[in-house]
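Notes follow once the structure below has been shown.
Please treat every number below as a calculation from the coordinates, not as lab data. Computed from a predicted structure; not experimentally measured. For neighbour counting, all protein chains shown are included, and Cβ atoms are generated from backbone atoms with ideal geometry for every residue, glycine included.
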Number of protein chains: 2
Amino acid sequence: MRKALPTAGHPARAVIMGFAATVAVGTILLMLPITAENGQATDFVTALFTATSAVCITGLIVVDTSGHWSTFGEITILVLIQIGGLGIMTVASLMVLLVSRRFGLRMQLSAQRETKSLDLGEVRDVVRRIVLISITVEVIVATVFTVRLMSGYDYGFGDALYSGVFHGISAYNNAGFSLYSDSMERFVSDPWISLAVIIAVIIGGLGFPVLFELGRRLRGKIHWSMHSKITLLTTGVLLVVGFTYITINEWQNADTMGGLGVPGKLLAGLFAATMPRSAGFNSVPTGELESSTLLVTDVLMFIGGGSASTAAGIKVTTFALLAFVILAEIRGEPTVHVMGRRLAATVQRQALTVALLAVALVMLTTITMLSISEHPLDEVLFESVSAVATVGLSTGITADLPPGMHVMMSILMFIGRLGPITLATALALRDRPRRYELPEERPIVG
Amino acid sequence: MRKALPTAGHPARAVIMGFAATVAVGTILLMLPITAENGQATDFVTALFTATSAVCITGLIVVDTSGHWSTFGEITILVLIQIGGLGIMTVASLMVLLVSRRFGLRMQLSAQRETKSLDLGEVRDVVRRIVLISITVEVIVATVFTVRLMSGYDYGFGDALYSGVFHGISAYNNAGFSLYSDSMERFVSDPWISLAVIIAVIIGGLGFPVLFELGRRLRGKIHWSMHSKITLLTTGVLLVVGFTYITINEWQNADTMGGLGVPGKLLAGLFAATMPRSAGFNSVPTGELESSTLLVTDVLMFIGGGSASTAAGIKVTTFALLAFVILAEIRGEPTVHVMGRRLAATVQRQALTVALLAVALVMLTTITMLSISEHPLDEVLFESVSAVATVGLSTGITADLPPGMHVMMSILMFIGRLGPITLATALALRDRPRRYELPEERPIVG
Ligand SMILES: [K+]
Ligand SMILES: [K+]
């Protein structure tokens, strides 16, 4: 039985308020005539949807980014993405620290000496490191992008730099916003651009705790934590499985990668396998993918990326833990062991809760969207998972949906972004003791 | 730590062999010229699919039942259904008893004095009671059917009785086979036939442990077990939710219940809400249902019916237990309480395992079927869930699939029928002690 912290419920509430306020400010800015290309005020629902999509680093759009918004509008979106991305990484990392302290576990996320509670110096140190990592990756990607646009596509320096910075930030933050109306389709066979985006997305999607350990590991300082091992392993497995399936399945699809050479197919396959976790760029037209590829992408999007990262979904650790629980159950082992460690029983229940609530959310959304729209299940399910997992991939139906659905999807993106982390934290912090124990009973399962 | 029974793995294996042997005999019989209406030998895949569908009481068909098969063929199918239905209820009940004994729990399924192990007298008593209940319900339904066909549809006694017996057995066993090529569509507004089928399906789908307790309860003898309370409550909730959603959603669909009067709509809605658990009859054309109704039906089929019943799916208890676990987790309670009892921790993991493996099976099947066929996701998902949950509802694509898919679906029906019960039993019986405990660790969830 653990004692309850007096501030148990507060951090999650503060985070939700902070993100909501950022969305509100973003919505107001995006309603101003100055943020629109045509100088007219943008309607409330479009502004709300775009601001939510940017702050929640989703990338779903209802109006073309460079077509509808002015340069000031684009920069507004970029700032919202950067705030959202840094915000979610910081908040998630601090919540992880909070939960670790609560359970007396050591979880090094800063160079500060670890104390019983979170002190301001430590918070500042974590924020500083997150900003440092983020800006470093963003600058590298922006540089590759800029140089490549100038050398390969005859861009002037100013245009190349603007595009480089925009897509560097958008890629690292898994935001999926693009200045090109075809997302990254024009770069489908360009290894420089494609690989820069892929690497930025993967790094952004690993999560700060893993990045921090990677950094210390490179200097030979620590052992891997179970969390980092699971994250890296599962990310790798999902990439390989997704890449293999998607590449084979789309190999001869004339509307996607059928017309490309073998290197182009492999590059496009890797791109398509990386983006569901959860960047949302596409280098082949999403709406033209095979129905089975869409379903596999649904699964990848649902799983998402690493904890305390710019990716969303139920997270690769949640997915992997459930697999380990099932494995232990099939082997008939009373406790779950993962890589030489015993898995805390409470974590198992938390993983189950996060995963099944996400399934319920996706099902309810899909059923609602199916009832309202005339689009087929594969497209509706895809859009629903893309919103909940804040991926931003789209078969193209989002823009066609009625305003009421846009408001609903805005709410979904918000829940999808903040739900798993605040839920998991709240669950971890709110364990409550019972005074007495009731007699045990075993209903029949299966 | 519990001691392992020496016979732990055996019962499941014997059951699987028994069912496989019955399917094999059925396949051979259905390949004979005498079982076909046209006197020609039926091909292997069609015979295998039909025999599996009958023994696994699924009801999916690749050839029209009364059109393709002779009367001898129809009776062969009926016998396979009866063997499959009685077999699954008996086997499941005995496994439940075995597991209960293993954990020192009292689980009354017979009037015999309970002993430490299962003795032959008790097994005989359980079988006797199951046969008694089954035949009683089947006779009542057959009688209602026969009288109604004679009084309302000008059937002669012989034809009416044959149809009554066939559909009585098919309904109680949740088999879904019908002598009518439109299943029950001709009876959509007939309350006698519809309600008889609905009631038979619900009773068959509750499961013997619940029926046995209901019988004792009527004689005022015992308290409800947690299992019976959960089964009855969840069955009721799913019926009400399914009925409400389907009736409202299909109210104006001209291809399903749009043309019916209000009583007809309500009856058709109740019929459509009952059949996914897991009878597989339809009184409105399944292929014409709204896409959203199909998805809701998918969910209902996936959940299925009661344990040790003629229904399949992951079972209503599994579904309800997971909901209780989530509820406890959200409330921050360290142990899960259900209706005044503490839920055994091992049961939670079993429920998780059964449910998630079923999800994985459905996803893999759907992805495979999508890759091979050209049918849209809603139809493929529906057929896949229908096979795995051995429901037998069909949007009509099953007959069109290639023979290879028919073999795969035969295997699926077999796994769907025997998987959950043998898996759950094996899991419950195979808990294995660990010699030492590894240090605990908490990865980040969500
Ligand atoms: K995204
Ligand atoms: K059935």
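With r defined as the distance between the Cβ atoms of A:Met339 and B:Val359 and R0 fixed at 22 Å, what FRET efficiency is calculated, to the nearest 0.05? E between A:Met339 and B:Val359, to the nearest 0.05, is 0.35. Note on the protein assembly as shown: helix-only mean residue ellipticity at 222 nm, from DSSP H runs of 4+ residues weighted -39500 (n - 2.57) and normalised by residue number, equals -21500 deg cm²/dmol.
A simple count of charges around A:Phe302, restricted to other residues whose Cβ falls under 11 Å of its Cβ and scoring Lys, Arg +1 and Asp, Glu -1, yields +1.
Per-residue Cβ neighbour counts within 10 Å put A:Phe49, B:Phe414 in the sequence B:Phe414, A:Phe49, beginning with the fewest.
Projecting the Cα atoms of A:Ile130, A:Val165, A:Leu361 onto the charge dipole of chain A (Cβ charges, centred on the Cα centre) puts A:Ile130 farthest toward the positive pole. For chain B, the membrane-span-like helices by this rule, meaning whole DSSP H stretches whose C-alpha atoms cover at least 24 Å of axis and whose Kyte-Doolittle mean is 0.0 or above, are B:10-31, B:71-102, B:120-153, B:226-250, B:345-372, B:403-429; this says nothing about an actual membrane.
Per-residue packing, averaged as other Cβ atoms within 10 Å, sorts the ranges A:88-98, A:398-408 into the order A:88-98, A:398-408, beginning with the highest. Ordering B:Ser278, B:Asn249, B:Leu214 by Cα displacement along the dipole of the stretch B:165-320 toward the positive end leaves B:Leu214 in first place; charges were set at the Cβ atoms of Lys, Arg (+1) and Asp, Glu (-1). Close amide H partners of B:Val338, meaning residues 5 or more places away or on another chain with modelled amide H under 5 Å apart, are B:Leu343. Put a plus charge on the Cβ of each Lys and Arg, a minus charge on the Cβ of each Asp and Glu, and nothing anywhere else: the dipole of chain B about its Cα centre is then about 2920 debye.
For B:Thr234, the shell of other residues with beta-carbons less than 14 Å away shows a net charge of +3, using +1 for Lys and Arg and -1 for Asp and Glu. Available extension along the chain between B:Met17 and B:Met150 is 43.7 nm, counting 0.36 nm per residue and deducting the alpha carbon span.
Fully extending the segment from A:Thr368 to A:Ala24 would add 121.3 nm, taking 0.36 nm per residue of separation and subtracting the current Cα-Cα distance.
For the pair A:Phe157 and A:Ala41, what calculated FRET efficiency results from E = 1/(1 + (r/R0)^6), where r is the Cβ-Cβ distance and R0 = 30 Å, to the nearest 0.05? Computed FRET efficiency for A:Ala41 and A:Phe157: 0.35. For the stretch A:15-54, the relative contact order is 39 percent, taking Cα pairs closer than 8 Å that sit 6 or more residues apart in sequence and dividing their mean separation by the residue count.
Computed over chain B, relative contact order equals 19 percent, with contacts defined as Cα pairs under 8 Å that lie 6+ residues apart.
Pairs of Lys residues in the protein assembly as shown that lie 8 or more places apart, or on two chains, and have C-alpha atoms under 25 angstrom apart add up to 8. Here the simple spin-label model places points 7 Å from the Cα toward Cβ, and for B:His223 and A:Thr244 these points are separated by 5.3 nm. For the stretch A:180-266, relative contact order (Cα pairs under 8 Å, six or more residues apart, normalised by length) works out to 22 percent. Here's the picture: charge each Lys and Arg Cβ at +1 and each Asp and Glu Cβ at -1 in chain A, and of A:Phe324, A:Ile88, A:Gly26 the one pushed furthest to the positive end of that dipole is A:Phe324.
Full extension of the chain between A:Thr71 and A:Thr143 gives 23.9 nm of extra length, using 0.36 nm per residue less the Cα-Cα distance. Each Lys and Arg contributes +1 and each Asp and Glu -1, all at the Cβ; summed about the Cα centre of the protein assembly as shown, the dipole is approximately 5800 debye. Sparse packing (at most 14 other Cβ atoms within 10 Å of the Cβ) combined with a DSSP loop state is found for the following trypsin sites (Lys or Arg not before Pro) in the stretch A:199-261: A:Arg219, A:Lys221.
Note on the stretch B:126-274: with charges restricted to the Cβ of Lys and Arg (+1) and Asp and Glu (-1), its dipole about the Cα centre is near 940 debye.
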